[in-house]
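> One structure, as structure tokens, below. Some questions next.
We did not get these values from a lab; they are worked out from the coordinates using the rules stated. Just so it is clear, the structure is predicted and the values come from calculations on it, not from any experiment. Heads up, the Cβs are rebuilt from the backbone with ideal geometry, glycines too, and the neighbour counts pull from every protein chain shown.
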Amino acid sequence: MAKIHMILQGKGGVGKSLIAALLAQYKKNAGQHPLCIDTDPVNATFHGFEKLQVKRLQIMENEEINPRNFDALVELIAPAINDVIIDNGASSFVPLSHYLNSNHVPSLLQELGHELVIHTVITGSQALTDTLNGFSQLVTQFSQATTFIVWLNPYWGAIESDGKSFEQMKAYTTHKNRVSAIIKMPTLKKETYGRDLADMLQERLTFDEAIANPALTIMTRQRLTIIKKQLFEQMDNAVVL
């Protein structure tokens, strides 16, 4: 049975492609060979990671799901033995979520022997409300058979409201039984760790590529090694992965 990992969130720029790339690297680090697919109709960031061999598939046409192209996605997924990682753009969030549910795709995947795992992102500052709403929409739309993993990304600011952490917010307490794991991405100093990670992502490099790159300073590579370790340890704790 393969796990079909879909990254879904209606807010743009919150780290969906980063999560897709992290998942792919984590799987490869464990000796697995995930099938990676980028369906983002606007920013094919995930596809830019050459080392991850990401397939590009355009499933949107005129702001709607193209059924034939979506059929092609299912045909790619159906025979999968290894896990599948699918990155989706913010612009396709609403139509894709609707299409998946109206066509009973989660139950279809289950019949094919696969498990659908939806990854969504919560981030801080002005995007907090939007990402919380996106999370709530997802858990109410998808059946109980769907597994959810929440990623807390503090890049834009602390994830808190009125002194409450995410785990204390109504959006979570109402739906906590639907969340199989919470992955807390580390808060990085923007002038050092944060800049190193941002530069690495800008170049569409994996951690292993960047850490092995002699053109980078020793301390840059050391900081990236530390970030990788922190992230992968968080993912180790998410048993569902």
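> At 1.567 mPa s and 4 °C, plugging the Kirkwood radius over alpha-carbon pairs of region 113-212 into Stokes-Einstein gives what diffusion coefficient in µm²/s? Walk me through the intermediate numbers first.
Numbers: Rh = 15.1 Å.
It diffuses with D of about 86 µm²/s by this estimate.
> If you don't mind, another one. I need two numbers for the chain: Rg to one decimal and Dmax as a whole number, Cα atoms only, in Å.
Radius of gyration, then largest Cα-Cα span, for the chain: 17.4, 52 Å.
> Let me ask something additional. Before rounding to the nearest 500, sum -39500 (n - 2.57) across all DSSP H runs of length at least 4 in the chain and divide by the residue total; then give [θ] at 222 nm in deg cm²/dmol.
On the way: 9 runs with 97 residues, N = 241.
After summing the helix terms and dividing by the residues of the chain, the value is -12000 deg cm²/dmol.
> First select every other residue whose beta carbon is under 14 angstrom from the beta carbon of Q230; then total the charges, Lys and Arg +1, Asp and Glu -1.
Details: positive: K184, K189, R223, K228, K229; negative: D196, E233, D236.
Local charge sum for Q230: +2.
> Run the dipole for the chain about the Cα centre, Lys and Arg Cβ at +1, Asp and Glu Cβ at -1, nothing else charged, and hand back the magnitude in debye, nearest 20. Don't skip to the end; give the middle numbers.
Working: 22 positive and 24 negative charges, 127 e Å.
It comes to approximately 620 debye.
> While we're looking at this one, here's another question. Packing-wise, with mean Cβ within 10 Å as the measure, how do 214-223, 229-238 rank, highest first?
229-238, 214-223
> Would you please put 58-67, 97-106 in order of how densely packed they are, using the mean number of other Cβ atoms within 10 angstrom per residue and starting with the highest? Display every interim value, and only then the final one.
On the way: 58-67: 14.2, 97-106: 16.5.
Per-residue Cβ counts within 10 Å, averaged per peptide and sorted highest first, yield 97-106, 58-67.
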